[in-house]
Structure formats: structure tokens, C-alpha cells
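Asker: Pasting a structure here, questions to come.
Read the figures in this text as sums done on the coordinates, not as results from a lab. Just so you know, these numbers come straight off a predicted model, no measurement behind them. As a convention, Cβ positions derive from the backbone with ideal geometry for all residues, glycine included, and neighbour counts pool all protein chains shown.
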Amino acid sequence: MQGFAGFMWLLSIALILFSGFALIDAATRREDAYRAADKKTKPFWLIILGLAFVVNLIFNILSFLPILGLIATIVYMVDVRPALRGLPGGGRNTRRGSSSDGPYGPWNGGR
């Protein structure tokens, strides 16, 4: 019985880490990247993944809510994250352009 309890504890820790990684990844993506990838909004995914993380912390792995949190995390990781990563810049909050770049590309003064 101790082996099963140890396995369930390791599985619970893995789910907490998995949902935590997805939450941090979703938080580091730009808001407009979600719209550009035609996915739900950033606050929607932050709420869903935040709830999944908290549920994994509080409830036992064998209950119903962590399974729902796992499904939401898997949907983010296999559907939303690849779509965001496929955008130019990977959907990250980076500043790699010149100071004259606008939201749709470089601004050249109408030339």
C-alpha cells in the first residue's frame, strides 16, 4: 500500500508542476497573441489554468476536479501553446524591434 501512496504522491506533484508550468507560460504570452491565434483571451486562460493549479494543490488526485484541471491544462498545452508559439516572436513579451516600430511593423513616415 505504501508503494501505491508513493506513486500517487509523485503523480500529484507531477500534475502540480505541469499545471504550474502551463500557468507561467500563459502569463508570459502577449494578450494580442491570443487574439492573433484566434484562441480565447489571455485572462480566460489565466483563470482556467490558475484554478487548475489551485485544485491540484488542494484536492486528492483521485477526485473529480483535478481530472478537469488536467484536461484544461492539456488543452492549453496541445492546442493554444503551439498556436501562440507559431506566431512571429512566439507570442512572448519581447522588445526586439527598433523604437520606430508600430504595432503592425516598422513605421517609415509614409515613404
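Asker: Which value does Rg/Rh take for segment 21-65 over its C-alpha atoms, Rh per Kirkwood?
Answerer: Numbers: Rg = 12.4 Å, Rh = 11.4 Å.
For segment 21-65, the value is 1.09.
Asker: How would you order 49-60, 77-88 from highest to lowest mean count of nearby Cβ atoms within 10 Å?
Answerer: Those peptides, ordered most packed to least, come out 49-60, 77-88.
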